[in-house]
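Can you keep this structure in mind? I'll have questions shortly.
What follows draws every value from the coordinates through simple rules; no lab data is involved. Everything numeric in this text was worked out from a predicted model, so none of it was measured. Reconstructed Cβ throughout: ideal geometry from the backbone, glycine too, with neighbour counts over all protein chains shown.
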Amino acid sequence: MKKTLALALLLVAVPAFAHPGHDSSPLHDGLLHPLTGLDHLLMLLGTGVLAALTRRNLLLPLATLAAMFAGAVFGHLFGGVLGMESMIVGSLLVAAAALLVPGRQVLLALAMPLFALFHGWAHGVEATPSAFWLFSAGFVTVSGLLLAAGFTVGCLLRRHAKLQKACGGGLLASAAVMLVGG
């Protein structure tokens, strides 16, 4: 029971560390951002899984990274955009749906770069303007590693439909928690 409570508290506390300014190094903030923002972490891992399951080996991860970086530049230049947080949570819903409805995986997977644009936009808004490029170098690097980790998991899931559904259910539950909490 104590371990469950500790894990629950950790999951609730993690999003608070997703914003820069808690460290003196913009590169360090950028490196940590995708790891400490649960929404970003799950979207990147989910997209990597979908890339493997749909056989979009490089196309989907590279398009996702490019869209995320473009979004960061837009966020840096133009500030926040209406609906940004909803699109971020929506990315988890779409990734979950793709895992839960295999017949629609390709179509839903191809929507992930659009959602990545909004994840990146949030990165660009949250970055300290004078340190944008260092922050971006960090989050793009770690985002690529998370996509690769998700791809590895997706390769393992190719022959396990029940585990795919379990991952989809986990993404769906995470999105629900973020909707309730956010």
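Taking the Cα centre of the chain as origin, work out the dipole magnitude from +1 charges on Lys and Arg Cβ and -1 charges on Asp and Glu Cβ, in debye rounded to 20.
920
Can you give the angle from 0 to 90° between the axis of helix 38-53 and the longest principal axis of the chain, with both taken from C-alpha atoms, to the nearest 10?
The two axes meet at around 40 degrees.
What angle do you read, to the nearest 10 degrees and between 0 and 90, between the alpha-carbon axis of helix 26-36 and the longest principal axis of the chain?
Tilt relative to the chain: about 30 degrees.
Sticking with this structure for a sec: Would you work out if segment 54-130 is rounded, prolate or oblate? Take a ≥ b ≥ c from the square roots of the eigenvalues of the alpha-carbon gyration tensor; rounded if a/c is under 1.5, else prolate when a/b is larger than b/c, oblate otherwise.
Oblate, since a/c reaches 1.5 and b/c is not below a/b.
Count the net charge of all other residues whose Cβ sits under 14 Å from the Cβ of A111, scoring Lys and Arg as +1 and Asp and Glu as -1.
Net of charged neighbours comes to +2.
So, one more: Run the numbers for L62 and W133: contour at 0.36 nm per residue of separation, minus the present Cα-Cα distance, in nm.
So the chain would gain 23.7 nm between L62 and W133.
Which order, highest average first, do 88-94, 118-124, 108-114 follow once you tally other Cβ atoms within 10 Å for each residue and take the mean per peptide?
Highest mean packing first, the order is 118-124, 88-94, 108-114.
Let me ask another. Is it possible to state the helix-based mean residue ellipticity at 222 nm for the chain, with each DSSP H run of 4+ residues giving -39500 (n - 2.57), the sum divided by total residues, to the nearest 500 deg cm²/dmol? What is it?
Per the formula, -26000 deg cm²/dmol.
Another one. Roughly what angle does helix 132-157 make with the longest principal axis of the chain, taking Cα atoms, 0 to 90 degrees, to the nearest 10?
Between helix and principal axis, roughly 10 degrees.
If you work out semi-axes √(5λ) of the Cα gyration tensor in Å from the coordinates, which of (1) 27, 19, 17; (2) 25, 20, 14; (3) 34, 16, 15 do you get?
It is the one labelled (2).
Give me the distance between the Cα centres of segment 74-113 and segment 123-182, rounded to whole Å.
11
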